[in-house]
1. Quote to one decimal, in nm, the extra length available between T138 and I336 on full extension: 0.36 nm per residue of separation minus the C-alpha distance between them.
2. Roughly speaking, what is the centre-to-centre gap between region 295-319 and region 97-135 when only Cα atoms are used, to the nearest Å?
3. What order do you get for T359, T120 when you list them from fewest to most C-beta neighbours inside 10 Å?
4. Considering only DSSP beta bridges whose two residues both sit in region 155-200, what percent are antiparallel, to the nearest 5?
5. Which ordering of C92, C83 is given by a fewest-first count of other beta-carbon atoms within 10 Å?
6. Which one is right for this structure if Rg/Rh (Cα atoms, Kirkwood Rh) is calculated from it: (1) 0.95; (2) 1.18; (3) 1.08?
7. Compute the distance from the alpha-carbon center of region 337-414 to that of region 207-252, in whole Å.
8. Between N254 and S369, what is the spin-label point distance in nm, taking each point 7 Å from the Cα along the Cα→C-beta axis?
Amino acid sequence: MIRILIISLSALAASVNCWAGESTLVTFSGSNGIGPVASLALDSSGNLYGTTSAGGPNGNGTVFKLTPGSNGTWSQSILYDFCTTLHPKGPCGPFAPVVLDSAGNIYSTSYYGGSSTGSTNCGSTGCGTVFRLSPTKTGSWKETTLYSFRGGKDGSNPNGGVVLDSKGNLYGTTVFGGGANGSGTVFMLTRTAKGWKETILHGFTGTAGDGACPNAGPSFDQLGNLYGTTLSGGQSLTNGTVFELSPTTSGVWNFSVIHSFSALEINGTDGAGPVGGVIADAAGNLYVATAGGGAQNLGAVIQLTPGSDGFTPTLLYSFQGLADGADPKAAVTLDISGNLYGTVTQNTSYGQGGVFKLTPSGGGSWTESVLLSFEGIDGATPWAGVILDSPGNLYGTTEFGGSSGDGVVFEVTP
């Protein structure tokens, strides 16, 4: 997994603006998974789906399902166990979230594995895959590898998840491969009579007018434009970008960098190093959290507002690294009232990361509140963002913490 180091201040004790309560839904302990680093998915029945990057019966990661019970407890089932001996060239090493279609099929990516395993480009671990899990009549799940990356112009090592359009096409990113310098791709998979066909929408070069190493998957706005981030590249060559891909009637997608992050210095008014992706509101505003940048170089949340001359960046919040946390590595989540929710991997009151909320308070200003500060036993180091259900409950994962130190799934209730 691509990670960047952000220097942070020591955590100081502080009060937490808690919601009504936090619950640990699952504690991972090896056989049921280790190290969930991706966000969760929610179906219409209230079930949660996710991945663990390691652990499970074979030790190489899982896709799991959490089912709510009538007494407030949740039961976990493993839908798929990666890198089984029956499918040695299948997906392996999932770092990405899953997405569900209307038929209940599950789609995601694996960073390793695939038919390229053992090739010159990818070595013994493989270049990664896009896969589908389909429910069967017996209650089991069938895995189908839709595409195996080869490590050339087609891309290599997808770290983010995929998104579906209304026609059932899949869109995603790879961290490497693609452009002249192997700096990653944005791809589309289309179902054909002969299987799934890959089309490269953009191959990154890492040059000043382009990005490099897209770590997160892309997202759609209401007009069908795709948006995403690159961890590096852009005008500074190191601080990353936000990019847009717009479809045309000819089938070609127009690529543009709509923002190059610039602020690594103290007192900066921009972000740097976006590890997570982008979300769009109904007005076309984009929101992104960055692991660096901001006033203290400890992370920021940026809004990009569309206009006739492109997108205008606004610094909504700059993390201080004390009680409010530092180093947000995931996309933020937007509710129907315009509030933003996200996670920080470091600091807050107990030094284990936390969950925050940003509330618009008029005049263009925003108020930040810490909803949850992890203490270790209830979770630690949330790499993934949170999701919302219709009553307003938040669900997320932490890579570490819990009674075994292997991570948890948590819920925060208003």
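Laboratory data are not the source of any read-out in this text; all were calculated from the coordinates shown. Remember, predicted model here, so these are calculated numbers, not experimental data. As a convention, Cβ positions derive from the backbone with ideal geometry for all residues, glycine included, and neighbour counts pool all protein chains shown.
1. Net length gain for the segment: 67.4 nm.
2. Using only Cα atoms, the two centres lie 34 Å from each other.
3. Ascending Cβ contact count within 10 Å gives the list T120, T359.
4. 90 percent
5. Listing C92, C83 from fewest to most nearby Cβ atoms yields C83, C92.
6. (1)
7. So the two Cα centres are separated by 26 Å.
8. Distance between label points: 4.3 nm.
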